[in-house]
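Structure record follows, encoded as structure tokens.
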Amino acid sequence: MMLQVAVLSGKGGTGKTVVTAALSDILPGRKGFADCDVEAANLALLLGPREKSRIPFFGLKKATVQKEICQECGLCTGVCHFGAIRQDPSGIITIDPIRCEGCAVCREACPAGAISLSDHQNGEIILADTDHGPLVYAELHPGSGNSGLLVHEVKKVALKESDGRDLLIIDGPPGIGCPVISTLSGINAAIFVTEPGIAALHDLRRLVAVSAGFSLSSFVVINRADLHPGFAKEIELFCKEKGIPVIGKIPFDPTVIESVREGVPVTRRECAASHELKNIGRRLMEELLHEPGRSG
Amino acid sequence: MLVCITSKGPTPENPVEERFGRSPYFLFKDTEGGDWSSVANKFADAAGGVGPRAAQTVIDKGAHVLITGNIGGNALPVIQAAGIEIYQYRDSGTAGEAFQKYVEGQLKKFS
Amino acid sequence: MRLVIASGKGGTGKTLVAANLAASLAAEREIVLADCDVEEPNLHLFFPSEEETLPVMTDVPEFDNSRCTKCGKCGEFCQYGAIVVLKDRIMFFPEMCHGCGGCEIVCPEGAISLKKRPIGHVAFSAPRERIILVTGVMNEREVMSPHVIRETLAYTAGHPLIICDAPPGTACPLVETLEGADACVFVTEPTPFGLHDLKLAAGVAEVLGIPSGVVINRSMGDDEIIREFCQSRNLPVLMVIPFDREIAVAANSGDLVIEKIQGMKTRFIELFEKVRALPGVE
């Protein structure tokens, strides 16, 4: 069965995508890739994708009013818990698709039957090929909601695209909310990329608390570990207390930024960060094959 | 005893679906005989809340036994509360084969 | 004025800019600093202080078993799968509930009423003179971050100067923070990642019609990719913060760079003056 590994961080900008791209480059076996950071998908920038096709993404259904039927009674404005429905002074009802959560309460309340729920496209899923295997990522229309659902769809398409392969590598979203929960569900292992800073550690604690509800193996990678040895130590103590193995400490290395600017995984370069990332790949595979998580 | 099996397709020749909530079909077969029946899971691709809604479908059909690969944290208590026994099937066989294994007492009970 | 500090990409230095801007301006005026990154709020780490908290609540149904006939209408109605009706009982999943109140409306027996459930809190503190910090915090394992953001911002309403630290990304949490703001500053870094995410986030501000400018953080002198984009979209570059290990260490330690590096305070005050001069800002 295919192993699914996601790279997450809690705090943004700790180096998730750099680590994901490096693992994509160096891990053995037949691989597929998914970028679940659907609000800011960057993995494609490092993997050189050749686009194959696009699938429209429909989020939660949204309520719409049929103006010809609407009697402008205004009942719907009162029942909406999300402040999505407004009535202008002339009586016309408008529903804000950004605020609407598709709960259907307005449709239920409307005495004229003027409200229906309809599909609402708020992004696209992109299927591509890379030198290492298929990549699935997404573009969410600016300001759209339901990114957790889009994460779920991206994973689903990526699983199909990677059918028969050994490993699905997922670049995860920041935070701890709905998109993160969608990313964590059903995977075998999570790698938390953090950095020695007060904010990154704070966010790592919250992420670990959220992931504790899932049956998966987790690992920590400390990026730019030498920037603040004190916090690096604190992260290691926290991981020890939680029983999470620290599988690597990447030194601060300007080559990382250079490789991002060139649009290639840093493991294509000979440098300190690249060296440690190769070690991380080796340790990760040892851990995964030794402890295959929920798939066993 | 009415048995429900999560399946990738509408007939027993189709492979067992490992996921419960997002299973495309639920197949039903009585151990006392009779034909197979199937229900398409209309929530297989829904935004969220698939586990409980899938459980509601299985409960409404009156199943006594559920055969599936994985069951999520939300659906599990519902299925258990409804008194439905869960058996785990993790091989790549068809729904028909999984049913046969259950009848022969070869499946592991999930608890 | 309500000014939002946003970025699209996480980790570009939003919180660094929000914290230092507020601390610089607080020498002369009262400021409300609002942390709207409710999934991972970090501003308070720069301003440790005693906090008072108020809960953020959402509506959830309460079932009156003496009236409920287990007819199943509520479970059928719920678009989120939060209610399952068994023969002898109702099972309810609060973390799946969006609080729409639909089940209460469709129940033919009047057996459902709405009660409150906490999904987070808002913390208030006064960490230094003339700064009030309002922090939205969503509880772990909850998903309704826009709701927590809305409640957090409601407490700041009416104040003459509000600086908001926005959540990363470009979806509903950012929209919730940006909607109704007077100006927005995007903090980015001069990499293809920074540029890609800036394009998306700037798109959101454009849709909402909010005057915006850009701060380039971690500049190594060669910021052409960002500058070209800014020029093409008429987004002024308001400030450039150099790539500097000292700044990184200060930020990682929860220190304010205006207190560590000479001249920074003046530069943040200039940033604010430039924001005020953006076309469309009152």
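Here are some notes:
- Chains C and A together, accessible area buried on both sides, 1.4 angstrom probe, square angstrom: 4900 Å²
- FRET efficiency, 1/(1 + (r/R0)^6) with R0 41 Å, evaluated for residue A:50 and residue A:1 via beta carbons: 0.90
- Taken residue by residue and averaged, Cβ atoms of other chains lying within 10 Å of the Cβ of B:13-22 number 1.
- Which listed pairs, of A:242/A:278; A:11/A:242; A:240/C:260; A:62/A:155; A:31/A:52; A:155/B:42, have C-alpha distances above 27 Å, in listed order: A:240/C:260
- Per-residue surface analysis assigns residue C:117 an accessible area of about 40 Å², computed on protein heavy atoms at 1.4 Å probe radius.
- Threshold 10 Å² - residues in region C:11-57 whose accessible area is reduced by that much or more when the chain is no longer isolated, probe 1.4 Å: C:11, C:39, C:40, C:41, C:42, C:44, C:45
- Buried area at the B:C interface is about 1000 square angstrom, summed over both chains, from accessible surfaces computed with a 1.4 angstrom probe.
- Rg and Dmax [Cα atoms of the protein assembly as shown; Å; Rg one decimal, Dmax integer]: 25.9, 85
- Mean separation of Cα pairs under 8 Å and 6 or more residues apart, divided by the residue count, gives region A:62-118 a relative contact order of 49 percent.
- Computed across chain C, the Kirkwood radius stands at 20.4 Å (inverse of mean 1/r, all Cα pairs).
- DSSP bridge pairs, region A:98-190: antiparallel proportion in percent, nearest 5: 100 percent
- When the residues B:102, C:155 are ordered by accessible surface, computed with a 1.4 Å probe over the protein chains alone, the sequence from largest down reads C:155, B:102.
- Selected from B:51, B:83, B:73 as most flexible by GNM, with chain B as the system and alpha-carbon contacts under 10 Å: B:73
- Carbon and sulfur %, accessible surface of the protein assembly as shown computed with the full protein complex present, 1.4 Å: 49 percent
- Span from the region A:125-193 Cα centroid across to the region A:199-261 one, whole angstrom: 21 Å
- Net +/- balance of residues flanking residue A:225 in space, Cβ distance below 13 Å, scoring K and R +1, D and E -1: -3
- For chain C, built as a Gaussian network whose Cα springs stay under 10 Å, the top-fluctuating residue of C:160, C:211, C:127: C:160
- Using a cutoff of 8 angstrom between alpha carbon atoms and counting only pairs six or more residues apart, the relative contact order for chain C works out to 27 percent.
- Solvent-accessible area lost in complex, 50 Å² minimum, residues of region C:229-276 relative to chain alone, 1.4 Å: C:245, C:252
- Accessible-area order (highest first, 1.4 angstrom probe) of the listed residues A:25, A:226, A:171: A:226, A:25, A:171
- Whether region C:214-278 is rounded, prolate or oblate, judged on the alpha carbon gyration tensor where a/c under 1.5 counts as rounded: oblate
- Global form of chain B, assessed from the alpha-carbon gyration tensor, a/c cut-off 1.5: rounded
- Chain A: C-alpha gyration tensor shape, a/c 1.5 cut-off, then a/b vs b/c: prolate
- P(r) for region A:62-118, from all Cα pairs and a bin width of 10 Å, is 27, 64, 9 %, short bins first.
- Shape summary of region A:1-58, radius of gyration then Dmax from alpha carbon positions: 12.5, 35 Å.
- Accessible-area ranking of C:36, A:80, largest first, probe 1.4 Å: A:80, C:36
- Cα centroid separation, region B:1-77 to region C:1-44: 49 Å.
- When shorter helices are ignored and each DSSP H run of at least 4 residues is given -39500 (n - 2.57), the per-residue value for the protein assembly as shown at 222 nm works out to -9000 deg cm²/dmol.
- Net charge, residue B:82 excluded, C-beta distance under 13 Å - Lys, Arg +1, Asp, Glu -1: +1
- The accessible-area loss of region C:115-146 on complex formation, taken against its chain alone with a 1.4 Å probe, reaches 50 Å² or more at C:140, C:141, C:143.
- Relative contact order of region B:2-109, pairs being alpha-carbon contacts under 8 Å that are 6 or more residues apart, as %: 31 percent
- Computed with a 1.4 Å probe over protein heavy atoms only, the accessible area of residue A:246 comes to about 50 Å².
- Of C:141, C:130, C:29, the one that fluctuates the most in a GNM where chain C has Cα springs shorter than 10 Å: C:141
- Beta bridges per DSSP with both ends in the protein assembly as shown, % antiparallel, nearest 5: 50 percent
- Solvent exposure of region A:62-118 as accessible area per residue, Å², 1.4 Å probe: 50 Å²
The values are calculated or read from the model by the stated rules, or taken from the named source; none is laboratory data. The model shown is predicted, which means the values in this text are computed figures rather than measured ones. Using ideal geometry, Cβ is built from the backbone for each residue, glycine included, and neighbour counts are taken over all protein chains shown. Please note that ligands, DNA and RNA were not included when accessible areas were found on the heavy atoms of the full protein model with its side chains. Shrake-Rupley method; radii C 1.70, N 1.55, O 1.52, S 1.80 Å.
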